[in-house]
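In what follows, a structure is listed as structure tokens, so that the remarks can point back to it.
Just so it is clear, none of the values below were taken in a lab; they were calculated from the coordinates. Owing to the predicted nature of the structure, the values given are computational and were not obtained by experimental measurement. Because the Cβ atoms are built from the backbone with ideal geometry, glycine has one as well, and the counts that use them run over all protein chains shown.
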Amino acid sequence: MIKVDSIHKSFADNHVLKGISAEFEQGKTNLIIGQSGSGKTVFLKCMLGLHELDAGSIFFDGRDFNRMDFKERKEVRKELGMVFQGGALFDSMTVEENVMFPLNMFTNQTRGEKLMRVNEVLDRVNLNGKNHLFPSETSGGMQKRIAIARAISMNPKYLFCDEPNSGLDPRTAIVIDTLIAEITHEYQMTTVINTHDMNSVMEIGEKIVFLKDGHKAWEGTSDSILKTDHEAVVDFVYTSKILRSIREKN
Amino acid sequence: MNFIEHIGKYFIFLGRTLRKPEKVSVFRSMTMKEIDILGLNSLPIVSVVSVFVGAVVALQTAFNMESPLFPDYLIGLAVRDSVILEFSPTMVSLILAGKVGSNIASNIGFMRASEQIDALEVMGINSANYLVLPKIISLILVNPMLIVLSMALCIVGGWIAGEMTGFCPTEEYIYGIQYEFRPFNVAYALIKTVVFAFVIATISAYQGYYTRGGALEVGNGSTRAVVFSSMLIIFLNYVLTQIFLTN
């Protein structure tokens, strides 16, 4: 479980996160949603330690990340997997080398053992046989799957995804969402997904945290989000005319 | 951000970079790759420029020494001293600052813009050390070899020009390049080269590493890398010459 306790983050005069607290449960797909500029990405980057907090704490299964020294943080980081918005694949490396990268850096396995693990995770994301392609030779959906394969190659306890289906067509987006949800349940990971895609919310959102102007404005499940009267959430969910008319009819 | 802040940030960056590598086997293979990309790929430009500059120095020297009081071997002597003391270590380093420096800055800048550096950090890898240290080591190893090659090719270029134009017969030229040769000059040139290699690698990497934004900023970072490393090379050239040749 990841517990976030009253975190604040500013950039110069811009106060982005204003005392957010939340809990993200193990074995569930936890979604952070909100409009662009609501602080989602900064929130995620703070949890990953890419931004230092101004105040507050982040606990990974009770371990206070902000009070850790460099070595302790490094140990926690080995338990993290991250799928970046653009994939962040190393473009000078093949698919196989990308997925093998964390194994090369942090394990003393033989090449055969590493290759076996790479093939296992590539098979899990339905990319078997694509080992020798370069990221530039793959489609957007494949790049997301390679990024997922790389993120889970070390069997992480925590998986973070920043807009995992941005730039994908709706069908591929659902494939990626479903894959992340399946992996989360299979490996019992604590998964935190940053998104503004309502399809993702309805498909895989087991716990949802809604951010607005750097505050946690609402939290609930994919069922309760459709029923809430919270003004900001309603504004966000029922953006299109079609959805608004459905809501009004109901 | 002001100049003083940049200097402080540069030294913090160096502090993060100059550490023991995470995994020696990975570091070794990265360094070998960089030697190929940054060093061996520079061979053609260094070779072509060196041969022609050597030839031009020989011709200009001959043109300025038409008096029969000056012996022909002075052409070989002039070529040797000008390439060893200045052209090869300084001018070739400036050329490499343009070619290699922009490559380093744009490569690392693109990695920053496409979140590849964030991906390394999330994994718990010291990205500055992982990306930059192999580049520093490879340039420090390869640039002195390129500079020695450049010296040799300049002298060959001067000989070809002298022989082809008839300004300086081969025997005179060979006598000239051996005349009162000071091995310390080569050592001085190599010391300068190592310092310049460090400057090219670290200034360019710094500019790339702290790129913010997209393609435009990557391009601007690359330009700044070439400008700042060239300026620092010129400045340090003066300082090192003052230290080594005037005492």
- In Å, descending, principal axis extents of the Cα set of the range A:131-234: 51, 28, 24
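Give the shape of the range A:125-181 as rounded, prolate or oblate, defined through the alpha-carbon gyration tensor: a ≥ b ≥ c are the square roots of its eigenvalues, a/c under 1.5 means rounded, and otherwise the shape is prolate if a/b is larger than b/c and oblate if not. List each step's numbers first, then the result.
Details: a/c = 1.76, a/b = 1.04, b/c = 1.69.
Taking the square roots of the gyration eigenvalues as a ≥ b ≥ c, the range A:125-181 is oblate.
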- Message: Contact order normalised by length for chain A, with contacts defined as Cα pairs under 8 Å and 6 or more residues apart; what percent is it?
- Response: 28 percent
- Query: Excluding same-chain residues fewer than 8 positions from A:K74, which aspartates and glutamates have a Cα within less than 16 Å of its Cα?
  - Reply: A:E52, A:D61, A:D64, B:E22, B:D118, B:E121
- Exceeding the 21 Å Cα-Cα cut-off - candidates A:K9/B:K20; A:K45/A:K227; A:K18/B:K9; A:K3/A:K212; A:K45/A:K157: A:K9/B:K20; A:K45/A:K227; A:K18/B:K9
- Query: Which distance in Å, rounded to a whole number, links the C-alpha centroids of the range A:172-226 and the range B:192-247?
  - Reply: 47 Å
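For a test of the definition: using alpha carbon positions, the gyration tensor, and the 1.5 limit on a/c, classify chain A as rounded, prolate or oblate. Don't skip to the end; give the middle numbers.
Numbers: a/c = 2.05, a/b = 1.32, b/c = 1.56.
Oblate, since a/c reaches 1.5 and b/c is not below a/b.
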- Item | P(r) of the range B:1-111 over all Cα-Cα pairs, binned every 5 Å from zero, in whole percent | 2, 9, 12, 14, 15, 12, 10, 8, 7, 5, 4, 2, 0
- Note on the structure: At q = 0.10, 0.22 Å⁻¹, the log10 of I(q)/I(0) for the range A:35-151 from a Debye sum over equal Cα scatterers comes to -0.38, -1.17
- Note on the structure: Looking only at aspartates and glutamates whose Cα falls under 19 Å of A:K130's and that sit 8 or more positions away or on another chain, we get A:D91, A:E96, A:E97, A:E113, A:E120
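Given the -39500 (n - 2.57) contribution per DSSP H run of 4+ residues, what per-residue ellipticity at 222 nm results for the protein assembly as shown, rounded to the nearest 500 deg cm²/dmol? Don't skip to the end; give the middle numbers.
Numbers: 20 runs with 295 residues, N = 497.
Helix contribution divided over all residues of the protein assembly as shown: -19500 deg cm²/dmol.
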- When all Cα-Cα pair distances of the protein assembly as shown are considered, the percent exceeding 37 Å is 43 percent
- Message: Please report the spacing between the Cα centers of the range B:133-171 and the range B:26-88 in Å, no decimals.
- Response: 4 Å
- Message: Taking the square root of 5 times each eigenvalue of the Cα gyration tensor, what semi-axes in Å does the equivalent ellipsoid of chain B have, largest first?
- Response: 40, 17, 16
- Per residue convex hull volume, Cα atoms of the range A:82-165, in Å³: 86 Å³
- Message: Quick check: net charge around A:E75, other residues with Cβ under 11 Å of its Cβ, Lys/Arg +1 and Asp/Glu -1?
- Response: +3
